[in-house]
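Student: The structure under discussion is supplied below as structure tokens; questions concerning it will follow.
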Amino acid sequence: MVTIVSRPSINIPSSPYNIVSRYVAAYNPVVYTFNFTDVPDAAYSLRIRVFEFGSNTLLADMNVRPIRVGNLRVDLSRYVRSYLESTYTPDFAGRINDSEEKSVLRFYITYQEQFIDGSTGALVNDVTNYINASLSAKQLGDHYGQNMRDYTPFVKDGFFSKFLTKFETPVKWNGWAFTISFIYGEEIIGQEIKRIENYLNINKSFLSDSETQLDRSKANKINWLKISDNVSESIKFIDVKLRTGVAVGESYVYQGYVQDGYVEVR
Amino acid sequence: MEEIEDYCGSPTYVEYNRSFEGGLYKSYKYFFASRSVSVFDSGFPGGVLFTIPDGTIIDVYQNSPQQIYRRVVVGSAVLHQNVFNAFGTKRLIKVQSSGTTPDGILKVWIFNRQTKLVEYTEYPTPIPCHPGYSITSDTVLLASCEGYTRNTYYHDGNGGITIQSVPNSTLCGYVVPAENIDITVIQRVRIEHCEPINPIMLAWKNSLGGWDSWLFSAKQIFSIDTETKGFVGVPIWDIESAEETQKEVGKSKQASCKLGADNLTVQEKIGIEEVLSSNIVYQLFKDGSKRRVSVNKGSYISIDNSSTLQSIEFEIQLPDYYTLSN
């Protein structure tokens with residue numbers, strides 16, 4: 001018998017609701033740990049298939065052979081990262097944020113025992129524990145390891161996600177395009193999200209602020225966020241953050257949802 | 001088996017047995033709508049006598065509420081097999097026959113609510129006449145809460161499944177947070193109103209998956225490297241008029257540019273050094289255009305100007321020029 005002991009996602013007990021951080025860096029190990037309570041013979045194996053979440057497209061199909069009872073770790077990163085790519089193509093026509101189309105792969109696995117006589121065990125579908133693999137790499141010693149927990153926005157008192165920049169204080173030259181990246185995760189799509197900018201002078205004193213709504217259709221990807229350009233000479237710093245707006249209801253549907261034109265025939 | 005068109009009575013029935021019994025010619029027909037058999041007697045032969053093999057499955061249907069049956073031919077009778085007794089476990093979503101007599105196939109798609117997968121089975125049948133069945137794509141096969149995410153499963157029309165997944169669903173007990181909750185840290189951005197001399201803007205993909213940028217100063221605008229692609233000999237027929245003994249096949253031309261940045265804090269230098277390890281680097285122009293560049297290996301120099309401010313230099317390789325070469 002085989003069960004999943006751990007997944008790349010992490011559960012964070014919280015109140016009023018638990019958080020599941022599903023974003024993981026695809027250029028680090030993307031590890032599932034299986035526990036085998038029985039290995040009947042040398043030909044026994046576990047068939048693991050990787051599917052794209054939503055479209056259910058098969059991405060990878062593999063067999064792994066445990067050599068003894070206990071835990072077996074399977075790293076899916078090389079399969080997952082081959083579906084990711086990056087180009088610099090932000091389009092801010094009519095909006096202040098845009099998404100990198102192939103920056104995140106949402107996937108899930110199924111697994112099934114294979115026996116020497118050709119029979120198989122029950123097929124287990126792990127679709128409800130899907131993972132979002134992002135085009136990222138974290139470093140040794142980073143908090144939460146390869147999980148992008150610190151960079152994934154959640155609505156939780158006292159928790160604030162970070163932007164995807166390696167600069168402590170990025171610099172923007174007036175008149176030149178400038179963006180800052182963030183993960184527009186599914187955890188915040190139930191509400192409008194706003195960019196808040198506070199404009200500060202050379203003494204870092206507050207001058208004014210602005211509030212602009214983001215384009216929700218760009219969710220579930222890594223986003224470019226545009227920072228206001230051509231600001232006055234008196235503005236020497238801009239403090240940027242994201243904030244929730246009004247709830248927008250449960251209205252979003254994955255691509256590939258119900259097709260038209262199918263009727264019951266008798 | 002000889003093909004006879006009367007086997008299939010349009011989509012309403014299939015004739016599965018034709019025999020001579022008790023002095024009469026009998027035609028056994030299974031009607032799909034009523035799932036029943038009718039026997040027609042005749043005093044005269046109406047075509048070739050035949051019987052399809054025992055065990056042939058000619059129909060699969062779902063009986064309300066949640067049980068799936070197969071119709072199996074045994075001799076002149078059609079028996080039903082109760083395939084699934086588990087209430088609510090499985091749902092028939094599509095049935096289709098294909099092929100031609102006697103090499104037909106009955107295709108059956110069943111959604112398993114436990115595994116959340118579609119089980120597909122093919123049954124060989126010498127008479128592929130099933131009218132076909134496909135549940136509408138707005139029929140909910142399964143709706144479940146996984147934590148606060150509500151997953152609803154639908155038939156996609158092709159024997160597959162489409163999932164509508166709504167995270168943070170109030171139907172699963174999620175409480176919508178209040179408005180005006182900050183969800184990110186405050187990211188401070190410094191604004192520079194003066195450009196360096198000979199500015200060149202680079203943007204690069206950093207290891208976190210985001211994009212960083214910096215406006216560098218070009219220390220040396222361009223250096224051009226050219227390389228010949230070789231020579232070929234030229235036949236000489238008249239020494240007096242000949243102009244050359246060989247031709248150059250072509251030349252390649254690459255350009256590089258030395259960039260620098262001065263008066264950097266330690267943190268700024270750390271941020272900029274990511275460009276050295278990024279394999280996705282662009283030069284951005286003020287008009288919005290861009291081109292892909294790469295950082296030359298081994299070209300990086302770091303200069304400590306003081307205990308707190310530093311300078312760096314490195315070279316970027318620009319895209320190759322097109323030349324009049326093959």
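Student: Looking only at other chains, what is the average number of their beta-carbon atoms within 10 angstrom of each beta-carbon in B:166-174?
Tutor: Averaged over the peptide's residues, the number is 5.
Student: First measure r as the distance between the Cβ atoms of B:N63 and A:N230, then evaluate 1/(1 + (r/R0)^6) with R0 = 51 Å and state the FRET efficiency to the nearest 0.05.
Tutor: That pair, B:N63 with A:N230, gives E of 0.15.
Student: Also: With viscosity set to 1.002 mPa s at 20 °C, what whole-number translational diffusion coefficient in µm²/s follows for region B:225-326 from Stokes-Einstein and a Kirkwood radius over Cα pairs?
Tutor: 123
Student: Do the sum for the protein assembly as shown: with -39,500 (n - 2.57) for every DSSP H run of n ≥ 4, divided by all residues, what is the mean residue ellipticity at 222 nm, to the nearest 500 deg cm²/dmol?
Tutor: The per-residue figure over the protein assembly as shown is -500 deg cm²/dmol.
Student: I want to verify a result. In a Gaussian network model of chain A, Cα cutoff 10 Å, which of these has the top mean-square fluctuation: A:Y23, A:Y184, A:Y144?
Tutor: Checking each option, the largest mean-square fluctuation is seen for A:Y144.
Student: Accessible surface of B:D287 in the full protein assembly, 1.4 angstrom probe, to the nearest 10 Å²?
Tutor: 130
Student: How high is the relative contact order of chain B? Use alpha-carbon pairs under 8 Å, at least six apart in sequence, and give a whole percent.
Tutor: Once divided by the residue count of chain B, the mean separation gives 9 percent.
Student: Counting other Cβ atoms within 10 Å of each Cβ, which GluC sites (Glu not before Pro) in region A:180-246 have at most 13 and sit in a DSSP loop?
Tutor: Counting only loop positions with at most 13 other Cβ atoms within 10 Å, the GluC sites (Glu not before Pro) in region A:180-246 are A:E233.
Student: At a threshold of 8 angstrom on Cα-Cα distance, excluding pairs fewer than six apart, so keeping six or more, what relative contact order does chain A reach in percent?
Tutor: Once divided by the residue count of chain A, the mean separation gives 18 percent.
Student: Rounded to the nearest 20 Debye, what is the dipole magnitude of chain A about its Cα centre when Lys and Arg each give +1 and Asp and Glu each give -1 at the C-beta?
Tutor: Dipole magnitude for chain A comes out near 520 debye.
Student: To the nearest 20 debye, what is the magnitude of the charge dipole of chain B about its Cα centre, counting +1 on the Cβ of each Lys and Arg and -1 on the Cβ of each Asp and Glu?
Tutor: Using only the charged Cβ atoms, the result is roughly 1180 debye.
Student: For A:Y144 and A:R95 in one chain, what is 0.36 nm times their gap in residues minus the Cα-Cα distance, to one decimal in nm?
Tutor: 14.4 nm
Student: Apply 1/(1 + (r/R0)^6) to the Cβ-Cβ distance of B:S302 and A:V246, taking R0 = 30 Å, and write down the FRET efficiency to the nearest 0.05.
Tutor: For R0 = 30 Å, the calculated efficiency reads 0.05.
Student: Answer with one residue from B:L202, B:Q114, B:Q220: the one whose Cα lies farthest towards the positive end of the charge dipole of region B:110-253, charges on Cβ with Lys, Arg +1 and Asp, Glu -1.
Tutor: Final value for the positive-end residue is B:Q114.
Student: Also: What list of whole percents do you get for P(r) of chain B, with Cα-Cα distances grouped in 20 Å bins up to the one holding the largest distance?
Tutor: Spelled out bin by bin, chain B gives 20, 22, 20, 24, 13, 1 percent.
Student: Semi-axes of chain A's equivalent ellipsoid from the Cα gyration tensor, sqrt of 5 times each eigenvalue, largest first, rounded to whole Å?
Tutor: 42, 22, 16
Student: Could you give the nm distance between label points at A:D75 and B:A33, where each point is 7 Å from its Cα heading toward the beta carbon?
Tutor: 6.4
Student: If you build a Gaussian network model of chain A, linking Cα atoms that sit under 10 Å apart, which residue out of A:I109, A:I67, A:I238 swings the most?
Tutor: A:I67
Student: Could you work out how much longer the chain between B:A255 and B:D320 gets when fully extended? Use 0.36 nm per residue separation minus the Cα distance between them, nm to one decimal.
Tutor: 22.7 nm
Student: Would you work out which of A:V124, B:V95, B:C145 lies farthest towards the positive end of the dipole of the protein assembly as shown, given +1 charges on the beta-carbon of Lys and Arg and -1 on that of Asp and Glu, about the Cα centre?
Tutor: Positive-most Cα among the choices belongs to B:C145.
Student: Can I ask one more? Averaged over its residues, how many other protein chain Cβ atoms are within 10 Å of peptide B:275-287's Cβ atoms?
Tutor: Neighbouring Cβ atoms belonging to other protein chains average 2 per residue here.
Student: Which residues of region A:35-76 bury at least 20 Å² of accessible area once all protein chains are present, versus their chain alone (1.4 Å probe)?
Tutor: Residues shielded by partner chains are A:F53, A:G54, A:N56.
Student: Return the whole-Å distance between the Cα centroid of region A:170-235 and the Cα centroid of region B:29-49.
Tutor: So the separation of the two Cα centres works out to 76 Å.
Student: Rounding to the nearest 20 debye, state how big the charge dipole of region B:99-192 is about its Cα centre with +1 on each Lys and Arg Cβ and -1 on each Asp and Glu Cβ.
Tutor: Roughly 160 debye, rounded to the nearest 20.
Student: How much accessible area is lost when chains B and A come together, counting both sides, with a 1.4 Å probe, in Å² rounded to the nearest 100?
Tutor: 7900
Student: Under a 1.4 Å probe, what is the accessible area of chain B per residue, stated in Å²?
Tutor: Here the per-residue accessible area is 50 Å².
Student: Next question. Report the relative contact order of region B:113-247, percent, no decimals, based on alpha-carbon pairs under 8 angstrom and at least 6 residues apart.
Tutor: 11
Student: Accessible surface of A:L76 in the full protein assembly, 1.4 angstrom probe, to the nearest 10 Å²?
Tutor: Ignoring ligands and nucleic acids, A:L76 comes out at about 0 Å².
Student: Still on this structure: Can you send over the solvent-accessible area of A:T165, 1.4 Å probe, protein chains only, in Å² to the nearest 10?
Tutor: Looks like 20 Å² after rounding.
Student: Across peptide B:157-163, what mean number of C-beta atoms from other chains lies inside 10 Å of a residue's C-beta?
Tutor: Averaged over the peptide's residues, the number is 5.
Student: How far apart, in nanometres, would the label points at A:V31 and B:Q246 be if each is projected 7 angstrom from Cα along the Cα-to-Cβ direction?
Tutor: Simple spin-label model gives 5.9 nm for this pair.
Student: Another question about this same structure. Round to a whole angstrom and tell me the spacing of the C-alpha centers of region A:89-114 and region B:215-282.
Tutor: 37
Student: Rounded if a/c is under 1.5, else prolate if a/b is larger than b/c, else oblate: which is region A:73-113, with a ≥ b ≥ c the root eigenvalues of its Cα gyration tensor?
Tutor: prolate
Student: For a quick check of your reading of the filter: which GluC sites (Glu not before Pro) in region B:157-259 sit in a DSSP loop and have no more than 10 other Cβ atoms within 10 Å?
Tutor: Here the sparse-neighbourhood loop sites are B:E240, B:E243, B:E244.
Student: Also: Over all directions, the average projected area of the alpha-carbon convex hull for region A:49-99 comes to how many nm²?
Tutor: Orientation-averaged projected area of the Cα hull: 6.0 nm².
Student: What is the percent carbon and sulfur in the accessible area of region B:151-267, measuring with a 1.4 Å probe over the protein chains and ignoring ligands?
Tutor: In region B:151-267, the share of accessible area belonging to carbon and sulfur is 51 percent.
Student: When the Debye formula is applied to the Cα atoms of the protein assembly as shown, each taken as the same point scatterer, what base-10 log of I(q)/I(0) results at q = 0.05, 0.07 Å⁻¹?
Tutor: Per q value, in the given order, log10 I(q)/I(0) is -0.37, -0.64.
Student: Next question. What distance in nm separates the simple spin-label points at B:K286 and A:N198, each placed 7 Å from Cα in the Cβ direction?
Tutor: 3.2
Student: Accessible area drop of at least 50 Å² (1.4 Å probe, protein heavy atoms): which residues of region A:115-147 qualify, relative to the chain alone?
Tutor: For region A:115-147, once contacts with the other chains are taken into account, A:L123, A:N125, A:T128 lose 50 Å² or more.
Student: Taking a 1.4 Å probe, which of A:F237, B:F285 shows the most accessible area, and what order do the others take after it?
Tutor: Highest to lowest solvent-accessible surface, that is B:F285, A:F237.
Student: Still on this structure, I have one more. Sort by residue number and name the cysteines in the protein assembly as shown that have no neighbouring cysteine Cβ under 4.7 Å.
Tutor: Lone cysteines by the Cβ rule: B:C194, B:C257.
Student: Which one of A:Y88, B:Y13, B:L309 is farthest out on the positive end of the charge dipole of the protein assembly as shown, using unit charges on Cβ (Lys, Arg +1; Asp, Glu -1) and the Cα centre as origin?
Tutor: Selected residue: B:L309.
Student: What FRET efficiency, computed as 1/(1 + (r/R0)^6) with R0 = 25 Å and r the Cβ-Cβ distance, is obtained for A:D41 and A:S6, rounded to the nearest 0.05?
Tutor: Given R0 = 25 Å and the Cβ-Cβ separation, E is 0.40.
The values are calculated or read from the model by the stated rules, or taken from the named source; none is laboratory data. Just so we're clear, the structure is a prediction, and the values are computed from it rather than from any experiment. With ideal geometry, Cβ positions are generated from the backbone for all residues, glycine too; neighbour counts draw on all protein chains shown. These accessible areas exclude ligands, DNA and RNA; they are computed on the full protein's heavy atoms, side chains included. Shrake-Rupley method; radii C 1.70, N 1.55, O 1.52, S 1.80 Å.
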